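The values are calculated or read from the model by the stated rules, or taken from the named source; none is laboratory data. Quick caveat, the model's predicted, so the values are computed rather than measured. Cβ placement follows ideal geometry from the backbone for every residue including glycine, while neighbour counts extend to all protein chains displayed. The accessibility values were calculated without ligands, DNA or RNA, using every heavy atom of the protein model including side chains. Shrake-Rupley method; radii C 1.70, N 1.55, O 1.52, S 1.80 Å.
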Amino acid sequence: QANDHFENSLRLFPDRASTLTNLAVVKIHLKKYDEAKKLANQSIAIDPENFESYLNLGLIEKERKNFEGAIAYFTQATRINPNYAEGWHNQGIVLNALKRYPEAIKWYGEAFKLNPNDANLSTDLAVAYYYTNQPDKALEQFDHSLKLDPKHAKTLLNQGIVRAFGKQDLDGATA
């Protein structure tokens, strides 16, 4: 239904960047990446400062496993709007996938400054700390995540891994 709504809106307002951006989001969720990319590029042609369209292009490239392309788009999104936590977070996710953990920590950290109440982001930052041999920082970050969401499955799983393998605390890993 969202797709139909935005398609109708696009027919009425073909030059509205926000409509193109929102329809691109729908197409990404439908895994219609070529259509989404075309819409995002059209939106940027109308409004070159549309940071959300750069994020959409980054998400498309991330899904296609073109991580360097995704990095370029996420960087552009955060250059245009440095207060866009989602751009910083997604850049961290891509850098983490590339095993560039110190860089991921930097990007996650920027996102965390803007959005400290996101348990997923906090957990992603903790995992990057673990991969840079900082288990104590990772555990502190997991504690923060669990304060936000005490039943956050991703946090609980990764906290057990860090306790077991980062701290050699098998009893704590199962607690």
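The table that follows gives values for the structure above.
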{"read-out": "Identity of the residue in segment 121-153, surrounded by 13 or more Cβ atoms within 10 Å (Cβ to Cβ) and of a type in the set (Gly, Ala, Ser), that ends up nearest to residue 84 (Cα to Cα)", "value": "122"}
{"read-out": "When residues of segment 12-38 are limited to those that are farther than 12 Å from residue 60 by Cα and among the small types (Gly, Ala, Ser), the one least open to solvent (accessible area, probe 1.4 Å)", "value": "17"}
{"read-out": "Close pairs (6 angstrom Cβ cut-off, 6 or more residues apart or separate chains): more than 16 Å from residue 114 (Cβ to Cβ) in segment 61-83, among the hydroxyl-bearing types (Ser, Thr, Tyr) and modelled with pLDDT of 95 or more anywhere", "value": "73/54; 76/54"}
{"read-out": "Any hit, segment 154-169, residues being surrounded by fewer than 20 Cβ atoms within 10 Å (Cβ to Cβ), without any contact (Cβ under 8 Å) to a residue 12 or more places away in the chain, among the basic types (Lys, Arg) and assigned to a helix (DSSP H, G or I)", "value": "no"}
{"read-out": "Helices (runs of 4 or more DSSP H) enclosed by segment 39-119 - at least 2 residues per element that are open to solvent by less than 60 Å² (accessible area, probe 1.4 Å) and of a type in the set (Val, Ile, Thr)", "value": "67-80, 85-97"}
{"read-out": "Close pairs from segment 21-46: first in contact (Cβ under 8 Å) with a residue 12 or more places away in the chain and aromatic (Phe, Trp, Tyr), partner in a helix (DSSP H, G or I) and open to solvent by 80 Å² or more (accessible area, probe 1.4 Å), Cβ under 8 Å, at least 6 apart", "value": "33/63"}
